[in-house]
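Down below is the structure, laid out as structure tokens.
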Amino acid sequence: MQYSDLTLRYFRTASAVGELSGPGVFRGAAGSRAQGAWVQFDLAVSAGVIQAARFRAFGCPHTIAVSAWVAEHAAGGAALAALPESVAELSGRFAVPTEKRGRLLIIEDAWLAAMTGALPQSG
Amino acid sequence: MSRPVYLDYAATTPVDPRVAAAMANCLAVNGEFGNPASASHDYGEAASALIETARTQVAARVGAIPQEVVWTSGATEADNLAIFGVAHYYRDQGRHIVTARTEHRAVLDPCRELERRGWRVTYLSPDSSGVIDASQVAGALQADTVLVSVMHVNNEIGTIQDIAAIARVCAAHGGAKLHVDAAQSVGKCTVDFAAAGAALMSLSAHKVYGPKGVGALLVSRRGVQLSALQFGGGQERGLRSGTLATHQAVGMGLAFELANDAEVDAQRLSALRERLWRGLAALGGAVRNGRAEHCVPQLLNVSFEGVEGESLLADVRPHIAVSTGAACSSISGEPSYVLRALGHDERLSESSLRFGFGRFTSESDIDRAIAAVAQAVLRLRSLSGSCSTAI
């Protein structure tokens, strides 16, 4: 398997790894080892802004690299349901092979699971 | 930065410099470049003589006689010639084949192709260390079984099969010819074609410091017949037409002659293997695939709990050259079917590394490998956190 330089950089030097705790921290996870990928995000949200993000991941280098990039780029952004970049944009940025696009959907599901608690409930 | 430590000797080995020199002597204008089939001049006769010397070297190394050696392009072609050759020649006597789930794809794929053509194939499952018991073969034989194909040394975990016991079962049956894929055997353990009692045996040069692109099929003089798969020239007693590659045969012959050195090296390699295993076992959650007493000393296959295989391989790649299984499986990226056949679940099968040692492996290489794998395993487990064991 060949990886882009960006994928290898984020895979090998993944920062923003770990957990957050305290009020205003929302956790979401998706996937499983049986699926070949599992991702968890902890998002610290205050006044509609993501103050900090951490991740944990089990999976291939693409799964780890993209999760690390998302966590790194989340801080300072608005707390929105969408990832900092769309799945299609992330796929292009990290040159994710077609057969692995499902891993990016697991990352998106983990993000949405964390945001479900962070966003004001309508109705 | 230095090159990664090479620990993939089961995939291929570097050519011994003495072998390379002998091969080079067969290529250029001042060497023996003649067509070995050209009996009308000295160039051809000189090349033919080299081919026959190489044939004798190969035969001597594996307990065969020179007339039993049929040159091929490698073990894959030898496996195909054995399986399709027997199946076609004996098609009126029976259309049943017995093999094992842990065979190389060079055996499994021809068997699957024969299934598509109407043959029946029984795939035996080994025990958890990869051993096929002769009684399993006996139980699988049917009245119309024409071929049993079992490898000598498994290419992923190094398990050695008791070929002589399986040969006795086939002999008692009468109609079942035993083919042995021994591509991984020479230089790793004793190979004695005559004593083993097999009808056919596939050999490879590049696993034993010879060149890629050449191998041989041993065809016993004791009553086995084959149909040829290719035609045009009638070389190799009509079994494998085509101009023989003098330099390749010379390389294989010398490599096999020199392979005696590798057996002497077994004690050193066993020590290296156990040194590596102790280092990896200390990480915790390491599972040794295959039992040491059943395996050749040049191979160690380990699965790591809580680690994803592709990431493990990517993490260690700057430091060591290893594989997750057979080289062809590395291309497909599929979990090891060999480990799954041993009863491992898919995730554990995916997180395995195959370490292959050889003539040029040192203790410091092993220590570098332990350090690289330890760093990778601990980092990847840390990335997934304690949750990784529960998900």
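The values are calculated or read from the model by the stated rules, or taken from the named source; none is laboratory data. As the structure is a computational prediction, the values presented were derived from the model and not from experiment. Using ideal geometry, Cβ is built from the backbone for each residue, glycine included, and neighbour counts are taken over all protein chains shown. Areas reflect the complete protein model, heavy atoms only, side chains present, ligands, DNA and RNA absent. Shrake-Rupley method; radii C 1.70, N 1.55, O 1.52, S 1.80 Å.
Just one residue in the set B:R55, B:R3, B:R18, B:R61 is closer than 25 Å to B:A228 by Cβ, basic (K, R) and out of contact with any His (no Cβ under 7 Å at 6 or more places or on another chain); that residue is B:R55. If you go through region B:309-326 and keep only what is open to solvent by less than 10 Å² (accessible area, probe 1.4 Å), more than 8 Å from chain A (Cβ to nearest Cβ) and either without any contact (Cβ under 8 Å) to a residue 40 or more places away in the chain or outside any loop (DSSP other than H, G, I, E, B) (or both), you end up with B:G309, B:L312, B:V316, B:I320, B:S323.
Looking at B:A195, B:A216 in this structure, which one is closer than 17 Å to B:A54 by Cβ and either open to solvent by 20 Å² or more (accessible area, probe 1.4 Å) or assigned to a strand (DSSP E or B) (or both)? Can you show your working first?
Details: B:A195 fails: closer than 17 Å to B:A54 by Cβ.
The match here is B:A216.
Looking at the structure I just gave you, is B:A164 touching a residue at least 24 places away in the same chain (Cβ under 8 Å) and assigned to a helix (DSSP H, G or I)? Before you say what the answer is, go through the steps one by one.
Values: touching a residue at least 24 places away in the same chain (Cβ under 8 Å): yes; assigned to a helix (DSSP H, G or I): yes.
In short, yes.
Considering the conditions (1) over 28 Å from B:L378 (Cβ atoms); (2) more than 12 Å from the chain's Cα centre (by Cα), A:R33 is excluded by exactly one of them, (1). Scanning region A:29-49 for residues that are more than 13 Å from every other protein chain (Cβ to nearest Cβ), surrounded by fewer than 24 Cβ atoms within 10 Å (Cβ to Cβ) and in a strand (DSSP E or B) returns A:A44, A:V45, A:S46, A:V49.
Rundown of residues vs (1) over 26 Å from B:R222 (Cα atoms); (2) over 17 Å from the mean Cα position of the chain (by Cα), yes/no style:
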{"position": "B:N35", "(1), (2)": "yes, yes"}
{"position": "B:A59", "(1), (2)": "no, yes"}
{"position": "B:V62", "(1), (2)": "no, no"}
{"position": "B:R91", "(1), (2)": "no, yes"}
{"position": "B:H96", "(1), (2)": "no, yes"}
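Checking the condition in a helix (DSSP H, G or I) and touching a strand residue (DSSP E or B) at 6+ places or on another chain (Cβ under 9 Å), which residue from B:T76, B:T53 passes? Just one listed residue meets the conditions, B:T76. The criterion of being in contact with a Cys (Cβ under 7 Å, 6 or more places away or on another chain) and not aromatic (F, W, Y) holds for B:E308.
In summary, A:Y3 fulfils each of the numbered conditions (1) at the interface with another protein chain (Cβ under 8 Å from one of its Cβ atoms); (2) out of contact with any His (no Cβ under 8 Å at 6 or more places or on another chain); (3) aromatic (F, W, Y) with the single exception of condition (2). With the condition kept exactly as written, say whether any residue in region B:291-308 is assigned to a helix (DSSP H, G or I), modelled with pLDDT under 95 and within 12 Å of another protein chain (Cβ to nearest Cβ). No, because not a single residue in region B:291-308 is assigned to a helix (DSSP H, G or I), modelled with pLDDT under 95 and within 12 Å of another protein chain (Cβ to nearest Cβ).
For region A:10-28, which residues satisfy the criterion of being part of a strand (DSSP E or B) and within 11 Å of another protein chain (Cβ to nearest Cβ)?
The initial filter retains those residues of region A:10-28 that are part of a strand (DSSP E or B), namely A:17, A:25-28.
Those that are part of a strand (DSSP E or B) and within 11 Å of another protein chain (Cβ to nearest Cβ): A:V17, A:R27.
Applying the set (1) open to solvent by 40 Å² or more (accessible area, probe 1.4 Å); (2) under 19 Å from the mean Cα position of the chain (by Cα); (3) over 22 Å from B:I51 (Cα atoms) to B:T76 leaves exactly one unmet item: (3).
Taken over region A:56-84, the criterion of being more than 9 Å from chain B (Cβ to nearest Cβ) and open to solvent by 30 Å² or more (accessible area, probe 1.4 Å) is satisfied by A:E72, A:H73, A:A75, A:G76, A:A78, A:L80, A:A81, A:A82, A:P84. One residue stands out among those in region B:131-176 that are among the hydroxyl-bearing types (S, T, Y) and touching a strand residue (DSSP E or B) at 6+ places or on another chain (Cβ under 8 Å): the one that is surrounded by the fewest Cβ atoms within 10 Å (Cβ to Cβ), which is B:T145. Taking region B:345-373 as the range and being part of a loop (DSSP other than H, G, I, E, B), open to solvent by 40 Å² or more (accessible area, probe 1.4 Å) and touching a strand residue (DSSP E or B) at 6+ places or on another chain (Cβ under 8 Å) as the test, only B:F360 passes.
Every condition in (1) modelled with pLDDT of 90 or more; (2) loosely packed, with under 15 Cβ neighbours inside 10 Å is met by B:A286 except one, and the failing one is (2).
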